[in-house]
Structures are given as C-alpha cells and as structure tokens.
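For reference, the structure is listed below as structure tokens.
No value in this document is a laboratory result; all are computed from the given coordinates. For clarity, every value in this text was computed on a predicted model and none was experimentally measured. Every residue, glycine as well, gets a Cβ built from its backbone with ideal geometry; the counts of neighbours run over all protein chains shown.
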Amino acid sequence: MIQLVLVRHASAEHGGVDLDDHERPLTSRGVRDAVESAKRTLRSGARPEVVLSSTAVRARDTAAAFGAAFGADVTERADLYAAPAAVMLDVARANGAAEIAIVAHDPGMSALVSELTGEDIPMATGAVAILTWSDGDWDDVGILPPDEVTLISPN
C-alpha cells in the first residue's frame with residue numbers, strides 16, 4: 001500500500017516590502033486551520049510515518065501541526081519550496097516510505113493532486129488530499145489512479 005497525504009500550507013500573512021515570501025508566517029486562523037486539518041486527517045485513518053515540508057515558515061508551521069498529530073518528525077526540504085508537481089512526486093518517491101505526507105505550496109500542490117486523480121482539484125490553503133493505492137508500490141503512483149481519494153477542507 002502507498003498512501004500520499006498532500007497538504008497545502010494553511011492561511012498565511014500577506015507579504016509586503018518588509019517581509020520576504022519565504023518568511024511569511026501563518027495567520028491566527030491559519031494556525032487553527034492547520035491543527036484542525038491535522039486532526040481531521042488523523043481521524044480519517046491516515047497515519048503518515050514521514051512528514052516532509054517546504055522550508056517556508058508557513059509550510060513548516062503547518063507541518064509541525066501534522067507532525068504533532070501523527071507523532072512523526074518533520075523533515076524540511078528546500079526543494080519543496082515553490083516546487084512543481086513533478087518535484088513533489090520525485091521527493092516522495094525518493095523517500096520511499098509507504099505512508100508519507102508532503103506540506104508545500106500552490107500551484108504545484110493543486111497540479112499534483114489533479115494529475116494523480118485525473119480530476120481538476122484546486123487545493124485551498126489548509127486543504128488535504130489523501131491518496132491511497134491499495135496494491136503496488138511507488139512505481140505505480142502517477143501511472144495508476146489511486147484506489148481511494150479523501151479530500152479534507154479546513155472549514
């Protein structure tokens with residue numbers, strides 16, 4: 001079984017001239033949404049053993065909520081910051097864990113979920129897509145559609 005949990009970071013502060021995009025923190029609502037999305041993901045039965053996160057502050061803070069919910073360490077990956085869909089999938093495959101969560105950004109996150117499901121699925125901030133392939137391994141991901149898709153909205 002392969003289970004890929006794709007998480008778009010929760011709502012972040014808007015950048016400005018004094019705030020680099022990479023350093024944008026979550027809003028207070030974003031913090032609440034990250035915790036709630038993590039709890040809802042856990043209640044769905046997903047149990048990623050690995051949580052990989054973009055190095056951006058908003059992604060790291062979102063990933064921390066998921067890591068705490070799953071009892072998993074978070075590994076930060078610079079290549080997940082503003083990553084396209086193909087890079088996110090390559091990072092997951094290279095890690096090799098059977099159950100993995102990736103916390104990253106759009107437009108790559110929406111593109112990856114849409115590509116893997118064959119449907120146009122926009123990922124709002126704080127949204128989670130749980131994709132499960134019951135049989136097979138990472139070589140099947142991207143070739144075969146997932147057997148199960150669960151979408152979780154923070155609201």
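Only four residue types carry charge here, +1 at the Cβ of Lys and Arg and -1 at the Cβ of Asp and Glu. Report the dipole size of the chain about the Cα centre in Debye, rounded to the nearest 20.
620 debye
Using alpha carbon coordinates only, what is the Rg to Rh ratio of the chain, with Rh defined as the Kirkwood radius?
0.94
Looking at the chain, send over the antiparallel percent of its DSSP beta bridges, to the nearest 5.
45 percent
Under the definition of Cα pairs under 8 Å and six or more residues apart, what whole-number percent is the relative contact order of region 1-104?
With pairs under 8 Å counted, the relative contact order is 37 percent.
When the helices in the chain are scored as -39500 (n - 2.57) per DSSP H run of 4 or longer and the sum is shared across all residues, what 222 nm value do you end up with, to the nearest 500 deg cm²/dmol?
Calculated at 222 nm, the ellipticity per residue is -10500 deg cm²/dmol.
Under 10 Å from the Cβ of E49, count the other residues' Cβ atoms, weight Lys and Arg +1, Asp and Glu -1, and hand me the total.
Once all neighbours under 10 Å are counted, the net charge is -1.
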